[in-house]
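The values are calculated or read from the model by the stated rules, or taken from the named source; none is laboratory data. Keep in mind the model is a prediction, meaning the values are calculated, not measured. Neighbour counts run over all protein chains shown; Cβ positions are idealised from the backbone, glycine included. Ligands, DNA and RNA are stripped out before the accessible areas are found, and what is left, the full protein with its side chains, is counted by its heavy atoms. Shrake-Rupley method; radii C 1.70, N 1.55, O 1.52, S 1.80 Å.
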Amino acid sequence: MAQSAPARTKINTKVTQPAPGRSSRRLAGRPGPGRPPRGPRVSGEARDSVRQSARPVIEMDFGILVYPPETDGEPWRAVFTENGQRKYRQGATEAKLAEKLEKVRERLQADAANMERPGADLIKHYLDPDRLPAGDRWSRKHAHTQRRLCERFAGPVIGTVTCQDIKTGHMQQIVNAAPTAGEGDRVHGMLSALVAAGIEGGYLTNPRLAMVHWQAGDRPLPAQRVTVSGESALWVDTAEIPSDSDIGKLGRALADGRHGERDELMASTAAYSGLRWGELTALTIPQVDQAGRVITVDRQVIEVAGHLYVEAPKCRKYRKTIYPRRTPDGYPLADKLAARIEQATAEYEAGANPLGLIFPSPTGKHWRSSNFNRNVLKRAYLAIGWRDADGNGKWTWHSLRHVFCTTALFTWKLDPTDVSCMAGHANVRTTLLMYVGSTAGVLDRARQATD
């Protein structure tokens, strides 16, 4: 059986070397005698060409070979290998070729083979879940937030810009597009992570691209936040924490609402067990151990783009927490919760509460925070003065979590390590910085020292 001839690589047969006797002519693009050099120059080690050439080949770093022109009018040429492919550049003069090779050298030095791609590919790489190990992937909510920020702010500015041409000015334009300082901080956080991912993925090389901050321009600046000298930024001032009597007032105001004692119980459970909003709305009957007064926190509800999802708790950490028999204000929390569990069990068996939730919405499903705020909390907040007519106030639902931590530390006298575990903090240092602080007892110690 006849075999076909093997494929043959096409060889350039065009004569690019000078004819004999012309080697003494000046290289095109080089200045003549007595003329100063103009523009950037190609630098490297010269060696003889393997071809019959009177002009040496210039060997630059990173394997770039530069072929000077043999005759006037011919371009300067360069050959190099990038990302496994042989590539070429040429310029009418030495200076023009040197400018082009600067970008090539930057990519080869950093082994950044994706710098010639558009910014849209950089954003796609940043948002790609496969970029991270399976155990370190973003949560559904964080992924949605990053996608929203990229689509709204980054894409319109750098989407069509070649990654190697992205400058600090582009990043400044992106972060300044945020309408407020708070949103600007979120955009800056996204840009920092984007630049880090771009450098790691070979799309960028300059870490200074992330060194930008939101600028107000002609927009009003936010009020300067005044903090306590010597305290961490995590410090929660006592003015930001409702008292036990304030929790009691909130509970009684909620009891006068449409769901009666169930909403009062919901507020007291949040204030004295440390459950976050999403953990509280996801709470089911089997999670509560009435005999030990223990709640197992192994799930939460999050809302992403108008959809509710049940997933692992914050930081993907399960924990157990406890609740008291009676709150410091005298509310019989354990008995009330036991009665509600019995009622929820009956609802579940009747099909009115199919998820077995202890605090379901009126439709028997998970609460949305917006619906709960509008239909339940708004009226109660106004009734007890937690909000003014414009909706402004210093306390929120999250303030109830601060009540649990401070009560556990200073009323129940629990060890900070135990409180950290029950509250689900990253570590005990977070608990200490938030609630114990660094300045407690400063004046007492100073007074004793100066007596």
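Descriptive notes on the structure:
- The residues of the stretch 269-326 that are free of Cβ contacts under 8 Å to residues at least 60 places away in the same chain and in a strand (DSSP E or B), listed by number, are Asp289, Val294, Ile295, Thr296, Gln300, His307, Val310.
- Unmet criterion (only one of (1) within 13 Å of the chain's Cα centre (by Cα); (2) without any contact (Cβ under 8 Å) to a residue 12 or more places away in the chain; (3) in a helix (DSSP H, G or I)) for Ala193: (2)
- Screening the candidates Arg219, Arg262, Arg208 for the property of being over 30 Å from Ile384 (Cβ atoms) and over 19 Å from the mean Cα position of the chain (by Cα) yields one hit, Arg219.
- For the stretch 412-451, the set of residues classified as among the aromatic types (Phe, Trp, Tyr) and closer than 16 Å to Val236 by Cα consists of Tyr435 only.
- In the stretch 381-403, the residues that are in contact (Cβ under 8 Å) with a residue 40 or more places away in the chain and either farther than 18 Å from Gly248 by Cβ or open to solvent by 80 Å² or more (accessible area, probe 1.4 Å) (or both): Lys394, His398
- Within the stretch 305-344, the set of residues being under 21 Å from Thr406 (Cβ atoms), in contact with a strand residue (DSSP E or B) (Cβ under 9 Å, 6 or more places away or on another chain) and not polar (S, T, N, Q) comprises Lys314, Arg319, Lys320, Ile322, Tyr323.
- Residues considered: Thr417, Thr406. Of these, the only one that is exposed (fewer than 15 other Cβ atoms within 10 Å of the Cβ), polar (S, T, N, Q) and modelled with pLDDT of 95 or more is Thr417.
- Among the residues examined, Thr205 qualifies as in a loop (DSSP other than H, G, I, E, B), of a type in the set (S, T, N, Q) and closer than 30 Å to Gly155 by Cα.
- Counting only residues that are open to solvent by 10 Å² or more (accessible area, probe 1.4 Å), in a loop (DSSP other than H, G, I, E, B) and not basic (Lys, Arg), the stretch 328-377 holds 14 of them.
- Reported count of residues in the stretch 103-134, each being farther than 15 Å from Leu204 by Cα and either more than 18 Å from the chain's Cα centre (by Cα) or open to solvent by less than 50 Å² (accessible area, probe 1.4 Å) (or both), is 2.
- For the stretch 164-173, the criterion of being part of a helix (DSSP H, G or I), open to solvent by less than 20 Å² (accessible area, probe 1.4 Å), modelled with pLDDT under 95 and more than 27 Å from Pro313 (Cβ to Cβ) is satisfied by at least one residue.
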